[in-house]
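Heads up: the structure comes next, in structure tokens.
The values are calculated or read from the model by the stated rules, or taken from the named source; none is laboratory data. Everything numeric here is computed off the predicted structure, so don't read it as measured data. Heads up, the Cβs are rebuilt from the backbone with ideal geometry, glycines too, and the neighbour counts pull from every protein chain shown. Only protein heavy atoms, including side chains, enter the accessible area calculation; ligands, DNA and RNA are left aside. Shrake-Rupley method; radii C 1.70, N 1.55, O 1.52, S 1.80 Å.
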Amino acid sequence: MKKWVVKAIQVGSIELDRSAMTHYKGKGETVTVPIWCAGATDGEHKVLVDTGIRDLEEYKKAEPGVSQSPQQDTVEAVRRIMGWEPEDVTIVINTHLHCDHSGSNGKFKNAKFYIQKKEWEAAFMPLVPEAPFYDQLCYDKHAVNYFQWEFLNGDTEILPGLRIITTPGHTRGHQSVLFDTAKGVVCVSGDICNVAENVNGNLEPNIVVMVPEVYESFQRIRQTSHFILPGHEPEIEDGSEDFIPVI
Ligand SMILES: [Zn+2]
């Protein structure tokens, strides 16, 4: 079976209180964490998981500590790490539609976009506390033509060695992406794990809309994955194929 190569692509940084990713743990400790996307290929397909932010000033309204160098602009970063032009990307998988994960969807005009139906619906009717993180300009009809969306209802195999599993909790329709690589199964987790400590320490992230589901999602990741690329893990290098072991 073909193996996938998966690389971490940094598309910005956020300075925040550590407890913003690990519930109450680390309160008062300021840390700077990356915003990750992932590029993946089986030698034929060019797949992007998440697309970073849309507009720096706009995203500051949700996360005042955000910064982005010119090389971290999503299009630039994908070009630098993967060697791809935006029109080369034919599959985009959004783990969820928060504005630091779907912000540059509109730049990938040739892609099919994979999302859980539940997440797409929730993004147009957010709960009050999650509203600041959903920016409709990232995923409405101006960003992505309706017919470019592939709406999913649960776990799905997209291609050989490329599976999506549902991991609700951080948002209602959150999903994570599993790639079969030469080293084992890599989970691009999105924000069900902001950092690897969430799954490895069984410690929920701070933004949670469904608490029991978070812990069930951790269990699904432990059962399926050898390595994890969390949404904001600082212990991973830009462009790296080495991720954090799931214990
Ligand atoms: Zn999020």
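General remarks:
- Any hit, region 200-219, residues being crowded, with 19+ Cβ neighbours inside 10 Å, at pLDDT 95 or above, within 12 Å of the chain's Cα centre (by Cα) and not hydrophobic (A, V, I, L, M, F, W, C): no
- Hits in region 112-127 (condition: assigned to a strand (DSSP E or B) and open to solvent by 20 Å² or more (accessible area, probe 1.4 Å)): 112, 114
- When region 157-182 is filtered for residues that are hydrophobic (A, V, I, L, M, F, W, C) and away from the ligand (no atom under 16 Å from the Cβ), the ones remaining, listed by number, are 158, 159, 162, 164, 165, 178, 179, 182.
- Identification of strands (runs of 3 or more DSSP E) wholly contained in region 128-236 with 1 or more residues that are in contact with an Asp or Glu (Cβ under 6 Å, 6 or more places away or on another chain) yields 162-166.
- The residues of region 70-94 that are part of a loop (DSSP other than H, G, I, E, B) and either of a type in the set (A, V, I, L, M, F, W, C) or open to solvent by less than 40 Å² (accessible area, probe 1.4 Å) (or both), listed by number, are 84, 89, 94.
- Residue among 185, 195, 144 that alone is more than 16 Å from the ligand (Cβ to nearest atom), touching a His at 6+ places or on another chain (Cβ under 7 Å) and open to solvent by less than 40 Å² (accessible area, probe 1.4 Å): 185
- For region 45-79, filtering for residues that are touching a residue at least 12 places away in the same chain (Cβ under 8 Å) and closer than 20 Å to residue 91 by Cα leaves 15.
- Subset of region 222-233 [away from the ligand (no atom under 16 Å from the Cβ) and either touching a strand residue (DSSP E or B) at 6+ places or on another chain (Cβ under 6 Å) or open to solvent by less than 70 Å² (accessible area, probe 1.4 Å) (or both)]: 224, 225, 226, 227
Table: residues versus (1) open to solvent by less than 30 Å² (accessible area, probe 1.4 Å); (2) farther than 19 Å from residue 62 by Cβ.
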| position | (1), (2) |
| --- | --- |
| 5 | no, yes |
| 11 | yes, no |
| 14 | yes, no |
| 25 | no, yes |
| 30 | no, no |
| 33 | yes, no |
| 39 | yes, yes |
| 45 | no, yes |
